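Comments concern the structure below.
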Amino acid sequence: MFTESWQLIIKSINVPDIIKVNNDYIILDCDYDLENTSSQGLVVKWFFNTNRVVYQWIYGRQPLADEPAAKYVDLTYKASDDPYTEYRAMKLNKPGIDLTGEYTCVISTFEDERTANASMIVYSTEEKFDLLYRRKTVDNKDGVEITCLAEGLYPQPTLDISIENLSTYSIELRDDGLYNILSRVALLDEDLLEATIVKCLLSIPKAAYNVSRKTVYYIG
């Protein structure tokens, strides 16, 4: 959302809703017009998760950046040829998951101030996704243990084995901020068809990402 006045106005804020990790680059843009407002004291700031300044441009100076954006940002990027808006945007190269969050741009002068905000998710797909099964005795009867395992995802994923919806999954948050997930279920042969299709569905709900693996288990 953004607000306007008859003086300084923010015309638009353009932040990708969802972007894949290590994409070539992304641009977070906050387009504004000074209208009748004096440019004295013109400052552009980008805040990350409410109160952390990650980018600042004071008119007449070079822009500055702080973490987590600093290691990604191209401080030479110009969003326009207008000297009053040229450094309004952040160009972020090879974005990482640590850039996921809420962004607020604040445009201010000595006379006026306007803000706009938008959120962005940087998601990571699986480094590994396996569907495995092994024969197992369940309650002294022949059965099977089915395991689905995925590693290196962000944000938090879900993982489901499609047979009878009996599976539960466990989540591990790694030191690098990515998630590993495992789902396992044990079934009796007598409860299954002679040839049973087993399917694992891996999802990252916030990124609208889905991928599956399937195999056929033959009893006996």
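Per the conditions (1) assigned to a loop (DSSP other than H, G, I, E, B); (2) touching a Ser or Thr at 6+ places or on another chain (Cβ under 8 Å); (3) hydroxyl-bearing (S, T, Y), the sole criterion not satisfied by T85 is (2).
Tell me whether region 53-62 contains one or more residues that are assigned by the TED database to the domain that holds A116, over 27 Å from E126 (Cβ atoms), touching a residue at least 40 places away in the same chain (Cβ under 8 Å) and of a type in the set (K, R).
Checked region 53-62: no residue is assigned by the TED database to the domain that holds A116, over 27 Å from E126 (Cβ atoms), touching a residue at least 40 places away in the same chain (Cβ under 8 Å) and of a type in the set (K, R).
Each residue in region 117-151 was checked for being under 23 Å from the mean Cα position of the chain (by Cα) and assigned to a loop (DSSP other than H, G, I, E, B), and 3 of them qualify. Of the residues making up region 14-48, those that are in a loop (DSSP other than H, G, I, E, B) and either within 18 Å of the chain's Cα centre (by Cα) or surrounded by 20 or more Cβ atoms within 10 Å (Cβ to Cβ) (or both) are V15, P16, D17, V21, N22, N23, D24, T37, L42.
Could you list all residues from region 92-113 that are among the small types (G, A, S) and assigned to a strand (DSSP E or B)?
Pass one, region 92-113, residues among the small types (G, A, S): 96, 101, 108.
Across region 92-113, the qualifying residues are G101, S108.
With respect to the conditions (1) surrounded by 19 or more Cβ atoms within 10 Å (Cβ to Cβ); (2) within 13 Å of F129 (Cα to Cα); (3) at pLDDT 95 or above, C148 falls short on a single one, namely (3).
Only one of T109, T50, T100, T104 is in contact with a Pro (Cβ under 9 Å, 6 or more places away or on another chain) and among the β-branched types (V, I, T); which? Spell out the reasoning first.
Values: T109 fails: in contact with a Pro (Cβ under 9 Å, 6 or more places away or on another chain); T50 fails: in contact with a Pro (Cβ under 9 Å, 6 or more places away or on another chain); T104 fails: in contact with a Pro (Cβ under 9 Å, 6 or more places away or on another chain).
After ruling out the rest, the residue left standing is T100.
The values are calculated or read from the model by the stated rules, or taken from the named source; none is laboratory data. Computed from a prediction, not measured in an experiment: that's the story for all the values here. Cβ atoms come from the backbone with ideal geometry, glycine included; neighbour counts cover every protein chain shown.
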